Structures are given as structure tokens and as C-alpha cells.
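Reading through the C-alpha cells given below for one structure.
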Amino acid sequence: MKILVLNTGSSSVKYRLFDGVETLAKGLIERIGEQGGEVPDHAAALQRVMSSVDLEGLGAVGHRVVHGGAEFAGPTVITDEVVATIERLVPLAPLHNPAALTGISVARKLLPDVPQVAVFDTAFHQTIPPEGVAYAIDADLADRWQIRRYGFHGTSHAYVARQTAELLGLSPDDAKVITLHLGNGASACAVDGGRSVATSMGMSPLAGLVMGTRSGDLDPTVIFHLHRVAGLPVDEIERSLTRYGGLQGLTGDNDMRTVQRRRDEGDPAATLAFDLYCRRIKEYVGSYLAVLGGADAITFTAGVGENAPAVRAASLAGLSALGVTIDEARNQRGDRIISPENARVAVCVVPTDEELEIAQQVTAEL
Ligand code: AMP
């Protein structure tokens with residue numbers, strides 16, 4: 001069955017047309033509505049997508065939606081009611097959900113007879129037990145304002161954990177896998193038998209690992225201090241932590257390739273950024289080994305995870321007492337399995353494919 005996967009951002013539309021697991025067409029329309037951009041609005045962007053691909057026999061459209069709140073635990077066929085619920089969740093994802101809603105609205109108009117399915121970044125993490133989800137704050141406040149951990153990158157973690165089990169010849173229903181999605185955004189996940197039981201992002205994608213431009217974990221007092229003592233308005237603090245934090249904040253560069261090159265040249269800021277980035281990963285790996293009671297595998301994925309052997313090596317250095325070791329020759333070659341033969345914990349590198357996972361979830365839902 002043909003499935004069109006749409007990932008609609010605030011100024012871009014990424015699309016990929018599948019027939020089963022085969023990709024028939026893909027592309028990206030950027031700078032929507034900007035001066036000198038390709039198209040004036042999302043409707044024109046989607047119109048262009050639809051006229052450039054062969055939609056004959058299209059079975060469904062799959063929409064990537066970042067935030068499904070506590071409401072959505074899996075792929076969901078889109079109805080007016082579902083749209084209204086995603087709208088209600090906008091305050092939880094003010095940057096991301098409005099764009100997805102635009103994509104959904106335009107696609108429903110252009111393809112009224114084709115089922116449309118929403119696939120949420122948060123859904124995979126709905127299996128995390130309550131103690132892994134709640135924050136230890138006033139329970140009434142948390143309840144009233146939907147404050148809890150949701151987690152993100154769910155389609156990637158789900159896909160990569162399953163691929164890891166397959167790679168190692170394990171049943172996905174039994175395997176314990178720690179997945180490390182290290183892209184521009186980055187998160188860790190503990191997967192027990194195909195179910196997420198812990199993840200590093202929180203109520204928003206700002207929490208957890210050090211990222212390209214996001215700070216990851218910090219003491220909330222940093223925010224009070226920047227507001228009260230430094231006099232920064234809250235919007236500016238948010239911008240600082242989300243767009244000028246992480247590698248960007250520490251070095252002025254958000255790209256791990258540049259940070260690594262500068263570190264190789266002896267740049268102290270890049271050295272600190274690299275060490276902090278890898279140490280944070282190690283802290284989460286240790287924590288998730290504890291949560292899972294040991295793991296069958298630790299898997300690296302996404303831009304940094306798939307391409308940066310130095311990050312993989314530094315993040316897992318010194319963990320041999322926990323059964324975690326890397327074979328440096330395999331690591332440098334970028335093998336799928338980079339731990340030594342017969343290691344207690346397999347260390348793997350698995351390319352992620354969020355669009356394929358969305359297409360497969362959509363197909364399974366229909
Ligand atoms: P993603 O969000 O998965 O596309 O990952 C994008 C990020 O991957 C970029 O910002 C780079 O920091 C990182 N990246 C890509 N290629 C490499 C590489 N060869 N070495 C280190 N980092 C890389």
C-alpha cells in the first residue's frame with residue numbers, strides 16, 4: 001500500500017512516499033512564506049508535493065505530530081475530534097503542533113477521501129510507569145497544568161530498538177535496549193521488551209542530554225537566577241536555553257563535526273563541550289542500566305550517533321565493569337556491532353528511519 005508521510009514544520013514540509021518499505025519519492029520544501037522562498041504558504045507547499053508525486057492508489061497520509069500529550073498512546077486516524085485534541089495540546093508544544101495542524105488541515109482538504117493518520121513523537125513513551133513520568137512538585141499544580149514527562153523521538157527509539165533486537169537475533173519482546181538518539185536534538189531511552197520505560201526528554205524536548213542548541217538538564221534555579229538577578233525576561237531565557245544552549249552555547253557552533261575539529265586543534269571551549277556532551281550520555285546510560293537491571297544492547301543512532309566514533313568511544317569509556325566495552329577497530333569502521341565478540345552488553349550503531357517507522361505504524365493502524 002502506498003503511504004505518504006508528511007513532516008510539516010513551521011517553515012518547511014518534508015515528505016516521503018512509500019510503497020511498503022520502498023521509497024518511491026521524497027523531498028523537502030523549505031523557507032515557506034519567507035522572502036525568496038519557494039512557495040508562499042503551506043497549502044502551496046503541499047499542492048506542490050502532491051503534483052510532483054504519483055498518488056495513484058494512495059492508501060493513507062501519515063502526519064508526524066510532535067506532541068500527543070497524555071491523550072495519544074499510538075497512531076490515530078484523524079477526525080475533527082482528533083484535530084481538536086491536538087489543538088488543545090498546542091500550549092504544550094507551541095512551536096511544533098501548530099505546523100503539524102496546518103499540514104493536517106491542508107492535506108485533508110486536498111485529499112478528502114484518503115485516511116489521514118497522526119503519529120506522535122510522544123506516543124511510544126506512554127508506557128513509562130508513573131514514577132518515571134511524574135515530577136516531584138505540587139500534585140494539584142501538575143494535574144491542572146498537565147505538567148509531567150512526555151518524552152520525544154518516540155518513533156526513532158521504537159524503530160531503533162526493534163532493529164537492534166533483529167540485528168542481534170533477539171526477540172523484540174524480550175530485549176532490553178538503551179537507545180541513544182544523538183542528532184541535532186538528542187535523547188536517551190530505556191526500552192524493555194519493545195516498551196519505553198524511561199527517557200531523557202521531559203515535558204518538552206529541552207530536558208536531558210546536551211544537544212546542538214539545547215542545554216539539556218539543569219537546575220531550575222538557573223532560570224530563577226537569570227530572571228531575578230540577571231533581569232532577563234522569561235521568553236529570552238527560554239530562547240537562550242533552547243537556541244543558544246548546548247554545543248552552540250558552549251562553543252558558538254552547534255555542529256558536532258566543527259566541535260570535534262576545534263577540539264582536535266586544542267580549543268578549550270570545544271574540549272569542554274565534547275566532554276560534557278559525552279559525560280551526560282554516560283550518566284544516562286548508567287542510570288538506564290540500573291532502571292532496566294542490565295541491558296542486552298546500547299545503540300547509537302542519528303547524525304552524531306551514526307557518524308561520530310569519538311563520541312561513541314568517550315560516552316562509554318570506563319564502563320567495562322558493567323559489561324560495556326567497545327572494539328575500537330569496529331567503532332572506527334562504523335560496523336553495526338562495535339562491541340567485542342561475546343561482550344555482555346552489545347554496543348550497536350543503527351541508522352534511524354523515522355519516516356519508515358511512521359509509514360509502518362500507519363499501515364498497521366489501517
Ligand atoms: P540529525 O538531526 O540526525 O540530522 O543530526 C544532525 C547532526 O549530526 C549535525 O548537527 C551534526 O552535528 C551531526 N553530524 C552529522 N555528521 C557528523 C559526523 N560525521 N561527525 C559528527 N557529527 C556529525
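The values are calculated or read from the model by the stated rules, or taken from the named source; none is laboratory data. Just so we're clear, the structure is a prediction, and the values are computed from it rather than from any experiment. Neighbour counts are summed over all protein chains in view; Cβ atoms, including those assigned to glycine, are modelled from backbone coordinates with ideal geometry. Calculation scope for accessible area: heavy atoms of the full protein, side chains included, ligands and nucleic acids excluded. Shrake-Rupley method; radii C 1.70, N 1.55, O 1.52, S 1.80 Å.
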Zone reached by a paramagnetic label modelled 7 Å from Arg336 Cα along Cα→Cβ, restricted to segment 282-321 with backbone N below 17 Å, covers 297-302, 306-307
Under a 1.4 angstrom probe, counting protein chains only, how are Ser10, Ser105 ranked by accessible area, largest first?
Ser10, Ser105
What GluC sites (Glu not before Pro) in segment 189-272 are in a loop by DSSP, with at most 14 other Cβ atoms within 10 Å of the Cβ?
Glu265
Could you order Leu180, Leu170, Leu141 by accessible surface area, starting with the largest, using a probe radius of 1.4 Å?
Leu141, Leu170, Leu180
Radius of gyration and maximum dimension Dmax of segment 242-366, Cα, Å:
16.3, 54
Indicate, rounded to the nearest 5 percent, the antiparallel portion of the DSSP beta bridges found entirely in the chain.
60 percent
Measuring with a 1.4 Å probe in the full set of protein chains, what accessible area per residue, in whole Å², belongs to the chain?
46 Å²
Taking a straight Cα-to-Cα line shorter than 28 Å from Lys176, and setting aside same-chain lysines fewer than 8 residues away, one finds Lys282
Given Cα pairs under 8 Å that are at least 6 residues apart, what percent is the relative contact order of the chain?
15 percent
Mind checking which of Ala165, Gln146, Leu182 is farthest towards the positive end of segment 56-191's charge dipole, using Cβ charges of +1 (Lys, Arg) and -1 (Asp, Glu) about the Cα centre?
Leu182
Which sequence of Lys14, Lys109 reflects their accessible areas, 1.4 Å probe, from the largest down?
Lys109, Lys14
Using the per-residue mean of other Cβ atoms lying within 10 Å as a proxy for protection, in what order, highest first, do the peptides 39-46, 59-66, 340-347 fall?
59-66, 39-46, 340-347
Leaving out ligands, DNA and RNA, and with a 1.4 Å probe, what % of the accessible surface on the chain is carbon or sulfur?
51 percent
Only helices at least 24 Å long along their own axis, judged from Cα atoms, and with Kyte-Doolittle mean hydropathy of 0.0 or greater: name those in the chain from DSSP H.
268-292
Largest fluctuation, Arg243, Arg31, Arg333 only, Gaussian network model of the chain with Cα springs under 10 angstrom, belongs to Arg333
What lysines does Lys2 reach when the alpha-carbon gap must be under 28 Å and sequence neighbours fewer than 8 apart in one chain are set aside?
Lys14, Lys26, Lys109
If you count only protein heavy atoms and use a 1.4 Å probe, how large is the accessible surface of Arg214, to the nearest 10 Å²?
60 Å²
Among Pro268, Gly252, Ile281 - extreme Cα towards positive end, dipole of segment 249-366, charges at beta-carbon:
Pro268
Contour excess over end-to-end distance, with Cα ends at Val222 and Asp173 and 0.36 nm allotted per residue
13.5 nm
Sort 78-88, 185-195, 111-121 by the packing proxy (mean of other Cβ within 10 Å over each peptide's residues), most packed first.
185-195, 111-121, 78-88
For a bin width of 20 Å, list the pair-distance distribution of the chain built from all Cα-Cα distances, rounded to whole %.
28, 58, 14, 0
With each run of n ≥ 4 DSSP H residues scored as -39500 (n - 2.57), what mean residue ellipticity at 222 nm is computed for the chain after dividing by its residue count and rounding to the nearest 500 deg cm²/dmol?
-11500 deg cm²/dmol
Test of understanding: in a Gaussian network model of the chain with alpha carbons linked when under 10 Å, which of Thr325, Thr242, Thr221 would top the mean-square fluctuation ranking?
Thr221
